[in-house]
Amino acid sequence: MSEHHIVTPKTYLKNLAVLMVLMALTIIAAKWPVLHISQTVNLAMALTIAVAKMMCIILIFMHVKFSSRLVMVFASAGFFWLIILLTLTFCDYASRFWHSPTAVSPYLG
């Protein structure tokens with residue numbers, strides 16, 4: 001068994017500061033469509049900020065950073081599975097009615 005790692009309050013405060021900065025960036029990114037920034041750039045920024053916040057929470061608050069390699073493997077597998085699900089969802093969304101922006105759904109009759 002590996003020994004238990006104790007995280008200092010200083011580490012938690014640093015993580016809190018990073019999460020607060022990322023929250024401020026999220027709010028700024030949400031206001032950017034008002035400034036006529038491309039929706040693609042806005043989506044990429046929002047997803048990048050969300051992944052950064054997720055990594056801070058997983059690594060520090062869930063103690064994955066200080067855990068065994070097995071815990072890291074399973075945490076990485078969960079993250080990889082999330083990427084697969086998001087990729088399939090975005091591919092499905094992008095492929096709907098791609099031939100015409102005003103197409104009518106065949107399911108509506």
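Annotation note: Cβ proximity below 7 Å between a residue of the range 54-72 that is in the same structural domain as LEU22 (by TED's automatic domain parsing) and a residue that is of a type in the set (S, T, N, Q) and assigned to a helix (DSSP H, G or I) (sequence gap 6+ or interchain) occurs for CYS56/ASN15; ILE60/THR11; ILE60/ASN15.
Going by the conditions given, is ALA46 at pLDDT below 90 and at negative phi? Talk me through it step by step, then tell me what you get.
Working: at pLDDT below 90: yes; at negative phi: yes.
Yes.
Got a number for residues in the range 24-43 being surrounded by 12 or more Cβ atoms within 10 Å (Cβ to Cβ) and either at pLDDT 90 or above or polar (S, T, N, Q) (or both)? Residues flagged as surrounded by 12 or more Cβ atoms within 10 Å (Cβ to Cβ) and either at pLDDT 90 or above or polar (S, T, N, Q) (or both) within the range 24-43 amount to 3. For the range 62-103, the tally of residues that are assigned to a loop (DSSP other than H, G, I, E, B), at pLDDT below 85 and surrounded by 10 or more Cβ atoms within 10 Å (Cβ to Cβ) stands at 2.
The values are calculated or read from the model by the stated rules, or taken from the named source; none is laboratory data. As the structure is a prediction and not an experimental result, all values here were calculated from the model. Heads up, the Cβs are rebuilt from the backbone with ideal geometry, glycines too, and the neighbour counts pull from every protein chain shown.
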